[in-house]
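Heads up: the structure comes next, in structure tokens.
The values are calculated or read from the model by the stated rules, or taken from the named source; none is laboratory data. None of the values given here were measured: they were computed from a predicted structure. No Cβ is skipped: glycine too gets one built from the backbone with ideal geometry, and neighbour counts run over all protein chains shown.
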Amino acid sequence: MLRGGAPERIGSTILAVGSVLTVVAVSAAPMRFGSVEIGIFLVDVAALVGFLILALRAERWWPLWVTSLQVIGTTAHAVKLVNPEVIRWAYAFALAFWSYPMLALLVLGTWNHQRRLAKFGVDKSWSSSSGRSEPRPRTGPIV
């Protein structure tokens, strides 16, 4: 969050808020993952929408991959809905597993951002069709 550009900060915020809301939304222990976790499903859909918007607007590759991993994770809810006999731990694993590669992609995207800044002095955050304006790099002392 501290080293990334605007897309990385937004992506890390989506992941952090989603993690906190997932802990809040999970069912009580005896019933956990026995049926579709509606609260977690809603958090996952909101995160999916956030990552999709970020992927469409950002001038980065990593939000596309994170969005696709979020689609896979969100699909686990549909699998449990269609087949309630899916084992609890398999459902829980399918929901949680994808967050780790997502974090790795965010770290790699942040590293690439820092690399581009070091090489070019600027790193364009938003695509020209996103309607977002780019900050200009500082060229002199701030007065």
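Quick look at the numbers
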{"quantity": "Number of the exception - Ser27 against (1) modelled with pLDDT under 95; (2) among the small types (Gly, Ala, Ser); (3) under 30 Å from Trp111 (Cβ atoms)", "calculated": "(3)"}
{"quantity": "Number of the condition not met by Ala25 [criteria: (1) surrounded by fewer than 17 Cβ atoms within 10 Å (Cβ to Cβ); (2) out of contact with any Gly (no Cβ under 6 Å at 6 or more places or on another chain); (3) without any contact (Cβ under 8 Å) to a residue 40 or more places away in the chain]", "calculated": "(2)"}
{"quantity": "Residue list for the range 89-124, filter: touching a residue at least 60 places away in the same chain (Cβ under 8 Å) and among the small types (Gly, Ala, Ser)", "calculated": "Ala92, Ser99, Gly109"}
{"quantity": "Failed condition for Arg116, given (1) over 19 Å from the mean Cα position of the chain (by Cα); (2) modelled with pLDDT of 95 or more; (3) surrounded by fewer than 13 Cβ atoms within 10 Å (Cβ to Cβ)", "calculated": "(3)"}
{"quantity": "Conditions (1) farther than 30 Å from Gly121 by Cβ; (2) small (Gly, Ala, Ser); (3) free of Cβ contacts under 8 Å to residues at least 60 places away in the same chain: number failed by Ala16", "calculated": "(1)"}
{"quantity": "Hits in the range 46-58 (condition: out of contact with any helix residue (DSSP H, G or I) (no Cβ under 6 Å at 6 or more places or on another chain) and without any contact (Cβ under 8 Å) to a residue 40 or more places away in the chain)", "calculated": "Ala46, Val49, Ile53"}
{"quantity": "Residue that is surrounded by 13 or more Cβ atoms within 10 Å (Cβ to Cβ), of a type in the set (D, E, K, R) and at pLDDT below 95, where the choices are Glu134, Glu85, Glu59", "calculated": "Glu134"}
{"quantity": "Glu8 touching a residue at least 60 places away in the same chain (Cβ under 8 Å), closer than 30 Å to Ser128 by Cα, buried (at least 19 other Cβ atoms within 10 Å of the Cβ) and of a type in the set (Asp, Glu)", "calculated": "yes"}
